[in-house]
Each structure stands twice: as C-alpha cells, then as structure tokens.
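Trainee: My questions all concern the structure below.
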Amino acid sequence: LTVAVLISGTGSNLRALLEAARHPDFPARIVVVGADRDAEGLAHAEEFGIPSFTVPFRAFADRESWGAELGHRLDAWSPDLIVLSGLMRLLPASLVARYTPQIINTHPAYLPEFPGAHGVRDALAAGVTQTGASVIVVDDGIDSGPILAQERVPVLPDDTENTLHERIKPVERRLLIDVVRRIATGDLALTH
Ligand code: GRF
C-alpha cells in the first residue's frame, strides 16, 4: 500500500509512521510527504529520504485553486491512501471527493466530541475528565467521517493544552499506525 502523508506542523505523527514503515514487515510504504506551508515536519521526510513537496496555501487565490494544485501533486504519486496527520487545513470538497474513502485523518479528541481545529483546547475548556484520540475517514464535513479507531485519554487536573496534547499524541500515533496496517492488509475496508 502506498501512502501520501499531508502535514502542517511538527510532524511527530508523521515521524511515527515513517519509523513504522521502515520495518520490512510493515505492509505500507510512505511514498511522499506534502505540506500546505514550510512545515517543520518536512525535516522528518528529508531524514528518512522520502520525497516531499509544499503547496503553500497563501500562494493561491482561493481554497479551490490550492486544492487543485495539491491534487495534481498527489496524483503524480497516485497513492493508495492519503493520511492527514496534523494538516491544519480543510481540503476542498472536490479533492476529498476524488480520494474519499482512501483519505484518513487523525484527530486529538474522542469524536464526535470536540471536532475542529482546537479539539484539545476545547476539551480542556469543557472541563471533561477524559478526552481521546480518533482516526476517521475524511468526508466533506469537519472531522465528521466514519470513525476507524478511537481511544480514551484521561485529562488531569493540572493539564495545560500542551501537556494534554502530548498525552494524546502517542495514542494517536499508535491508532494511526494500526489503522494503516489494517487497511494495507485488507482487515479494515474503507467505506464512504
Ligand atoms: C496532531 O494531534 C493532529 O491530530 C492534530 O495536530 C497534531 C499535529 O501534531 N491535527 P504533529 O504535527 O503530528 O506533531
């Protein structure tokens, strides 16, 4: 299974995937890493010798034209699966429609709780004692697609957004690697 990973940030989840995919018995290969900006996480692709590209959102007039260029870059690799791993940008419906359901996303909350760009901050603000991590199929909503895997993560009384997010990320990584493995082996069939 060939995988393209899209990021915007530090790419710690990407790095976990790259490390997992380095093992010869892992049934998926990361073939390219894309970013919507000059993301720190591109350094991980460089280190692992994986090609990467950036399609800077700010260089385009609108989301559609940005999405069209992103789609062209992805099509060049014709990946079997696209993984959004810390991509902090909504994809245009046209691009999602082209790839769904072979496009999945990690989210640092127990969806459908706390969707959107600030899932960790929102859980903290809500005062809940547990949140979670989720891996979903990307549809044209916001973190609203079919849930492929999720797990609860405790919120501790003195948590900050950062300490909570750092507790969630390792769970995200484990779920993501397991979901990619199960998609690659056919255990997990992706549906719309
Ligand atoms: C992850 O928690 C991801 O789910 C969220 O942003 C974080 C990105 O972290 N969208 P990183 O870039 O993988 O370190």
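The values are calculated or read from the model by the stated rules, or taken from the named source; none is laboratory data. None of these values were measured; they are calculated from a predicted model. Cβ: placed from backbone, ideal geometry, glycine included. Neighbour counts: every protein chain shown. Accessible surface areas use protein heavy atoms only, side chains included; no ligands, DNA or RNA. Shrake-Rupley method; radii C 1.70, N 1.55, O 1.52, S 1.80 Å.
Trainee: Using only alpha carbon pairs under 8 Å that are at least six residues apart, calculate the relative contact order of the chain and give it in whole percent.
Mentor: 20 percent
Trainee: Then there is this: Would you mind getting me the FRET efficiency between Asp158 and Glu40? Use the beta-carbon distance for r and R0 = 25 Å, nearest 0.05.
Mentor: Step by step, r from the Cβ atoms, then E = 0.35.
Trainee: Largest first, please: the extent of the C-alpha atoms of the chain along each principal axis, to the nearest Å.
Mentor: Rounded to whole Å, the extents work out to 47, 43, 33 Å.
Trainee: Need one number: % antiparallel among DSSP beta bridges in the chain, to the nearest 5.
Mentor: Roughly 40 percent of the beta bridges in the chain run antiparallel, per DSSP.
Trainee: Sticking with this one: I'd like the distance between the alpha-carbon centres of the stretch 99-146 and the stretch 10-88, rounded to an integer number of Å.
Mentor: Taking the Cα centre of the stretch 10-88 as reference, the centre of the stretch 99-146 is 20 Å away.
Trainee: In sequence order, what are the phi-derived ³J(HN,Hα) couplings for the stretch 18-28 according to the Karplus relation 6.51 cos²θ - 1.76 cosθ + 1.60 with θ = phi - 60°, rounded to whole Hz, with x for glycine and proline?
Mentor: Listing the rounded values in order: 4, 5, 5, 6, 6, 6, x, 8, 7, x, 10 Hz.
Trainee: For Ala35, list long-range residues whose amide hydrogen, built 1.01 Å from N in the peptide plane, is under 5 Å from its own amide hydrogen.
Mentor: Ile7, Phe53, Thr54, Val55
Trainee: In the stretch 10-44, which residues have a backbone nitrogen under 20 Å from the label point lying 7 Å from Glu151's Cα in the Cα-to-Cβ direction?
Mentor: Answer for the stretch 10-44: 11-23, 26-28.
Trainee: So, for the stretch 60-176, what is the accessible surface per residue at a probe of 1.4 Å, expressed in square angstrom?
Mentor: I get 46 Å² per residue for the stretch 60-176.
Trainee: Order 134-141, 23-30 from most to least packed using the mean count of other Cβ atoms within 10 Å.
Mentor: 134-141, 23-30
Trainee: Measure off, as a whole percent, the carbon and sulfur share of the 1.4 Å-probe accessible area of the stretch 98-192, all protein chains present.
Mentor: Exposed carbon and sulfur together represent 53 percent of the surface.
Trainee: Explain nothing, just compute: Karplus ³J(HN,Hα) = 6.51 cos²θ - 1.76 cosθ + 1.60, θ = phi - 60°, for every residue of the stretch 136-142 in order, whole Hz, x for Gly and Pro.
Mentor: Values per residue, Gly and Pro as x: 10, 7, 7, 10, 8, x, 10 Hz.
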